[in-house]
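Notes follow once the structure below has been shown.
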Amino acid sequence: MVLQRLVKRFEGGSSDFKNVLWKFTIERGFEYTLSKNDKVRVTAQCKYRAVKKCMWHVHARIMPGNEYFHILGMDLAHTCGFAVRTLTNPLATAELVADLVGNDVRAKSTNPGSHIELESDEETKRFKRLFVAFGACLQGFNQCRLLIFLDAAHLKGRYRGTIMAATGKNGNQGIFSICFAIVDGETYKNWRWFLEHLRSILAPGRDITSISDRHMGLLMARRDKRNLRDHLKGTTRAYRKRVVGEFVRCAYAPTQEIFHQNMTKLLSRDDGKVEEFLTNLRYENWSNAFFWGQRYDEMTSNVVESFNAWIEGERHLPITILVDELRKKIMNLMSERREEISKWGCQICPEMDKRMRASFNESRTWVVSAAGDGVYEKWQLTGFPCAHAVIVLLSSGKDMTEYVDPYYFSQTFRASYSTSIHPIPTVWMPERPVDEDFLLPSPLQEATRETQE
């Protein structure tokens, strides 16, 4: 958006013009003063006009014969060297930020089904948290596996905070963004607030499994224990490596019989720390063999860590800019995925088709032992045939695709990206004037700014 787009008549008079000007300068990240400000004329100048001789200015006035404002002159070149975008512009009101971030997503018909929630402290007028879920992401996730990966990452730059994210996996093993939130820290209250909103936007009737990195704030929300590796602090590196390795084998054990074999080995040389860690930690919360739902063999939150790395370049931005940049980033990714699938000619997503071929190459020399009446010793944990299942299915003359979860099919992948995130119509033309209640940074952001200054 450029200011030349403002060269129109402003039927709402001076308040209409000033509201558009506020939004423009806040998005651009600089401050201005009004050298003239009445119902007939308004002149805005760069805040640093006197100190740094910056000549940026915009002048508008009422035209004879009507009550409309028109821009009559402007100089858009800054010579003050402004570079840092900030949300501390004193003109950034609570209603304005809600208008910029929320209403232009949820009220426009361009992105139906989106869920935006902005919270601020009514007494201090400080920003608290923001939840964002685009309608296309919510619809697309209905075609993804019943898995949600939860994690959080620190924001960077001048104003600190935390971005929480819920991410899924598409049928080709790629990340699928569901929703995210900006909060002041990774706390129990913020995780609970995030999870409550997440639950409210998910389609009813889907039995979804969540996987996290076991951060303390999230654990309190889910009433779990801390990470085993942290619990082993104070022991030797060799001991931690052995114990964690054996613990992982227990977690990935495909049957309860194998789980108990691995668990016996894990506890055989335990000095009490492992048994203490496992106290009241229910097997179904971390073990494949006992888990009630479907994990699709996913045991870590690496998917969300990939999402955090994907948005690395945007994590230094102020909140309003960050949200819109993430919208564009997700929008472009969904468009790329639609173009990608147009080139596929396989029934199963390419990555999974490759895995099936690898399983066939691994198992083609194996001997299959039938138990009778078509019953074989095999299991399936991922919704996708493992090497054992592949050779059994091939030896019995069955079509392997009949035993592949629908989430891995190309047509399901296509459906998950069938809805687009559309560009948001200009946020600079106001629908109503803003009030005078300033929305300030959170206390954490304010403290960080003072430390840096």
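The values are calculated or read from the model by the stated rules, or taken from the named source; none is laboratory data. Bear in mind that the values here come from a model prediction, so they are computed numbers and not experimental data. A quick note on method: Cβ atoms are made from the backbone with ideal geometry, for glycine too, and the neighbour counts reach across all protein chains shown. Side chains are part of the model used for accessible areas, which takes the heavy atoms of the whole protein and leaves out ligands, DNA and RNA. Shrake-Rupley method; radii C 1.70, N 1.55, O 1.52, S 1.80 Å.
Here are the numbers:
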{"item": "Cα centroid separation, region 225-259 to region 112-153 (Å)", "result": "34 Å"}
{"item": "Projected area averaged over orientations for region 123-187, convex hull of C-alpha atoms, nm²", "result": "5.9 nm²"}
{"item": "Within-9-Å neighbourhood charge of Gly171 [Cβ basis; K, R +1; D, E -1]", "result": "0"}
{"item": "20 °C / 1.002 mPa s Stokes-Einstein diffusion coefficient of region 247-293, Kirkwood radius on C-alpha pairs, µm²/s", "result": "199 µm²/s"}
{"item": "Carbon/sulfur fraction of accessible area - region 148-198, other protein chains in place, 1.4 Å, %", "result": "49 percent"}
{"item": "Length released on extending from Arg269 to Trp292, taking residue separation times 0.36 nm less the Cα-Cα span", "result": "5.3 nm"}
{"item": "Extent along principal axes [Cα atoms of region 275-355; Å; largest to smallest]", "result": "47, 42, 17"}
